[in-house]
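One structure is given here, and the rest of the page talks about it.
The values are calculated or read from the model by the stated rules, or taken from the named source; none is laboratory data. Quick caveat: nothing in here was measured; it's all calculated off a predicted structure. With ideal geometry, Cβ positions are generated from the backbone for all residues, glycine too; neighbour counts draw on all protein chains shown.
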Amino acid sequence: MDLPKYYFRVRDNGAFVFRVDTENRDRRIEMDQIATINIRNGDIKPHGERLLSEADLERIKAWMAERAEVLARRDIDDILRSVDHLNLTAHWAQTRASAAQLEAVTDSLLLAMHDLRTVLVRKKAERLMQDSKD
């Protein structure tokens, strides 16, 4: 069985990195933690007294780059799902919501949408100003 040399156990903001070993006398899969990584700040901390090899660091950095791309794609997908949810919410409010249900959600929705609109308008204006400078 061809297993990868490294296993990354994802956690908030990063992962624990394990070296995978199948070349032992019992033919068991052994995972030895070698590092802890933080995606947000780029920290790579060896586990315990370990020294990471160039191959270790190279693979860890590659995983961090791949993970950052995955998370960025997920962010956009989540936002696009939010657009779908807003559309579904509008349809619900127009066609099925009772007065009591609308009363329960209207203020929260209006404040959240106002906040979002304010941020989007400000960011759009900043981009337009930057584009006009370039």
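Do you know which residues across segment 97-106 are loosely packed, with under 10 Cβ neighbours inside 10 Å and in a helix (DSSP H, G or I)?
Within segment 97-106, ALA99, ALA100 qualify.
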For this session: Quickly run through segment 59-84 and pick out the residues that are over 16 Å from TYR7 (Cβ atoms) and more than 17 Å from the chain's Cα centre (by Cα).
Result: VAL83, ASP84
Seminar exercise, completed: The one condition MET31 fails out of (1) at pLDDT below 95; (2) part of a helix (DSSP H, G or I) is (2)
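Residues are listed down the side, and each one gets a yes or a no for (1) at pLDDT 95 or above; (2) surrounded by 10 or more Cβ atoms within 10 Å (Cβ to Cβ):
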position: HIS91; (1), (2): yes, yes
position: THR95; (1), (2): yes, no
position: SER108; (1), (2): yes, no
position: ASP131; (1), (2): no, no
Exercise. Any idea which residue in segment 8-28 is surrounded by the fewest Cβ atoms within 10 Å (Cβ to Cβ), counting only those that are at pLDDT below 90 and in a loop (DSSP other than H, G, I, E, B)?
Worked result: ARG25
For this session: Kindly indicate whether any position in segment 40-53 is among the hydrophobic types (A, V, I, L, M, F, W, C), surrounded by 10 or more Cβ atoms within 10 Å (Cβ to Cβ) and under 30 Å from TYR6 (Cα atoms).
Result: yes
For this session: Could you list, in sequence order, all residues of segment 34-58 that are in a loop (DSSP other than H, G, I, E, B) and among the hydrophobic types (A, V, I, L, M, F, W, C)?
Result: ILE39, LEU51, LEU52
